[in-house]
1. Has region 30-42 got at least one residue that is touching a Pro at 6+ places or on another chain (Cβ under 9 Å) and either modelled with pLDDT under 95 or of a type outside the set (G, A, S) (or both)?
2. Looking at (1) buried (at least 17 other Cβ atoms within 10 Å of the Cβ); (2) among the aliphatic types (A, V, I, L, M); (3) in contact (Cβ under 8 Å) with a residue 60 or more places away in the chain, which is the one condition that is false for A25?
3. Inspect region 55-71 for any residue being among the acidic types (D, E) and out of contact with any Phe, Trp or Tyr (no Cβ under 9 Å at 6 or more places or on another chain) and give the result as yes or no.
4. Can you run down the residue pairs with Cβ atoms below 7 Å, 6 or more apart or on separate chains, where the first is in region 117-136 and farther than 19 Å from N80 by Cβ and the partner is hydrophobic (A, V, I, L, M, F, W, C) and part of a helix (DSSP H, G or I)?
5. Just to be sure I understand, how many residues within region 101-124 are crowded, with 17+ Cβ neighbours inside 10 Å and either in a strand (DSSP E or B) or touching a helix residue (DSSP H, G or I) at 6+ places or on another chain (Cβ under 8 Å) (or both)?
6. Which ones in region 59-89 are closer than 17 Å to Y131 by Cα, hydrophobic (A, V, I, L, M, F, W, C) and surrounded by fewer than 19 Cβ atoms within 10 Å (Cβ to Cβ)?
7. Please count how many residues of region 1-49 are under 22 Å from M114 (Cβ atoms) and of a type outside the set (A, V, I, L, M).
8. For residues in region 1-36 being in contact with a Phe, Trp or Tyr (Cβ under 6 Å, 6 or more places away or on another chain) and of a type in the set (D, E, K, R), which is farthest from A81 (Cα to Cα)?
Amino acid sequence: MIVRRCAGGVVFYANKVLMIKNDRAEWTLPKGKIYDKELQYDSAVLRVKEETGIDASVIDVAGDTMYEFFSRSRQQRVCNAIMWYIMETENTQYILKDELVDGGFFKVKDAIDMLTHSKEKSLVEISYKKYKELKKQDAESNAVL
């Protein structure tokens, strides 16, 4: 089995999260392989940009997930070990990579229902709570200034 180190983003715009639909008709989050000497953090930002055209900035660590699948191109099992980051963007204009079927920003509640994998459902739910708390703390600290 091939083990791939990957990184991805749980990208928020207000109360919406960025999702993509892959060529297996699975709703998921943008992610991709970490190449050579890339840092996980940088790789996550780059993979989000490559898959969706979205410029996002990392605001915190979201967590990690692992899953296995059968690669049709490699004709063997692959395990993806993904490090996730909570990100935000100021622009919702996306451009999907060719092999992606659909995508966009969806209300968090709807996105959780749409996501194919339960690990990603939990990831979005926990990340959104953390995101809201971080935004609240940021607003409170700016109010003091």
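The values are calculated or read from the model by the stated rules, or taken from the named source; none is laboratory data. This is a predicted model, so every value here is computed, not measured. With ideal geometry, Cβ positions are generated from the backbone for all residues, glycine too; neighbour counts draw on all protein chains shown.
1. Within region 30-42, none of the residues are touching a Pro at 6+ places or on another chain (Cβ under 9 Å) and either modelled with pLDDT under 95 or of a type outside the set (G, A, S) (or both).
2. Status for A25: all satisfied but (1).
3. Yes, the conditions are met somewhere in region 55-71.
4. Close Cβ pairs satisfying both conditions: E125/I112; Y128/V108.
5. Total meeting the criteria: 8.
6. Listed by number, the residues that qualify are I59, V61.
7. Count: 18.
8. The extreme case among them is K16.
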